[in-house]
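In what follows, a structure is listed as structure tokens, so that the remarks can point back to it.
Just so you know, all these numbers are worked out from the coordinates, no wet-lab data involved. Note that this is a predicted model, so its numbers are computed, not measured. Methodologically, a virtual Cβ is constructed for each residue, glycine included, from the backbone with ideal geometry; neighbour enumeration extends over all protein chains shown.
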């Protein structure tokens, strides 16, 4: 391999290492943000999901098994549980849609 080829290979390895480092930093930041906001109020959850408070209220009435915790009358939501529940709910909705199309 000539000098130019070696230089390109070295540059590509360096770029790959930088990108990998950035991805891991973003993953760590996301994990720490979730851990810091593990229990949220309904208002915080609506903001986290990017929907309005009324939409969240309506959704919760339609889905009484939506994950929440009652702390002496104060309802709180766990970000990780909500994310998992929404992922499963989304898969179920997709499966039901496929069955109807058949």
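Neighbour counts of C-beta atoms inside 10 Å place 49, 86 in the sequence 86, 49, starting with the fewest. A simple spin-label model places pseudo-atoms 7 Å from Cα toward Cβ; at residue 60 and residue 13 they are separated by 5.5 nm. What the pair-distance distribution of the stretch 40-102 shows, using all Cα-Cα distances binned every 10 Å from zero, is 20, 50, 22, 8, 1 percent.
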